[in-house]
Structure formats: structure tokens, C-alpha cells
Amino acid sequence: MMRLLFIVCEANVDERIMEFIAQAGATGYTRLTDAFGNGEHGRREGSPIWPGLNSVIFAAVTDEQAERLTELIEGLRVERAHRVAIRVFSVPAEQLV
């Protein structure tokens with residue numbers, strides 16, 4: 001079974017997330033940069049009032065890769081004392097083309 005992960009994270013950790021994707025054995029990802037957002041860790045709009053930006057990373061992975069990637073991301077959250085803004089969402093995926 002394949003899963004499509006939507007990883008929303010602070011832009012300053014997206015390179016680490018992409019490294020984790022490779023470590024989990026996934027073959028690729030798509031990254032959208034300079035995303036604005038508002039959530040538990042506050043607003044990010046790349047402005048003096050709301051500094052910072054988000055990245056959104058999509059990765060199609062197997063269930064095993066999703067589990068490993070989630071473990072690696074949770075390790076980063078623990079390393080940063082849960083002060084880093086990262087959310088991972090998952091939906092079943094079927095490649096059509």
C-alpha cells in the first residue's frame with residue numbers, strides 16, 4: 001500500500017526533512033517553498049510582523065517508509081523540545097499514471 005504524506009514544516013528544517021525522506025528509502029518528493037500559514041506555533045507570513053515561512057513537502061511512500069519517516073521526524077521534534085512546527089498528514093495513494 002502506498003501513502004501520500006503531506007509534511008508541513010518550518011522552512012528552516014525542510015532540508016532535514018528531505019534528508020529523512022532519503023533515509024527512509026523513498027525515491028523522491030515535491031517541495032513547495034515560501035508557504036504562509038497559521039497554527040499552533042503561530043503565524044508565518046514572511047513579514048516583519050509575522051516572520052518565518054513554511055514549506056510543504058509531498059512524498060509518496062510505502063507504509064514501511066512512512067513509519068520510518070514519521071519516527072525520524074518525531075526524533076527531530078524531540079531534539080527541538082517540541083518547539084519546531086512540523087505536521088505530517090497521510091492519505092492512501094494509488095499511482096494512476
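All of the numbers you see were taken from the coordinates with simple rules; none came from a lab. Keep in mind the model is a prediction, meaning the values are calculated, not measured. Don't worry about glycine lacking a Cβ; one is built from the backbone with ideal geometry, like all the others, and counts go over all protein chains shown.
Could you check the simple spin-label distance between T30 and E79, using points 7 Å along Cα→Cβ, in nm with one decimal?
Taking the two extended label points, one gets 2.8 nm.
Run the dipole for the chain about the Cα centre, Lys and Arg Cβ at +1, Asp and Glu Cβ at -1, nothing else charged, and hand back the magnitude in debye, nearest 20.
260 debye
Give, rounded to the nearest 20 debye, the magnitude of the charge dipole that segment 1-52 has about its Cα centre when Lys and Arg contribute +1 at Cβ and Asp and Glu contribute -1 at Cβ.
It works out to roughly 140 debye.
Among M18, M1, rank each residue by its count of other Cβ atoms within 10 Å, from fewest to most, as a rough exposure measure.
Lowest to highest Cβ neighbour count: M1, M18.
Gain in length, N38 to A22, computed as 0.36 nm per residue apart minus the alpha-carbon separation, to one decimal in nm?
Working: separation 16, 0.36 × 16 = 5.76 nm, distance 2.82 nm.
The span from N38 to A22 would gain 2.9 nm if fully extended.
Which value at 222 nm does the chain reach when only helices count, each DSSP H run of 4 or more adding -39,500 (n - 2.57), with the total divided by all residues and rounded to the nearest 500 deg cm²/dmol?
When only DSSP H runs of four or more count, the value is -9000 deg cm²/dmol.
Provide T30, T62, T70 in ascending order of the number of other Cβ atoms located within 10 Å of each residue's Cβ, fewest first.
So the ranking, lowest neighbour count to highest, is T30, T62, T70.
Taking amide H positions as placed 1.01 Å from N in the peptide plane, with prolines and chain starts having none, which residues 5 or more places from S90, or on another chain, fall under 5 Å of its amide H?
Result for S90 returns F6.
Say a site is exposed when it is one of the GluC sites (Glu not before Pro), sits in a DSSP loop, and has at most 10 other Cβ atoms within 10 Å; what is then the longest site-free stretch of the chain?
By the stated rule (loop sites, at most 10 other Cβ atoms within 10 Å), 41-93.
Could you work out which residue, out of F20, F58, F36, moves most in a Gaussian network model of the chain, that is, has the largest mean-square fluctuation with Cα springs under 10 Å?
Among F20, F58, F36, the largest mean-square fluctuation in the Gaussian network model of the chain belongs to F36.
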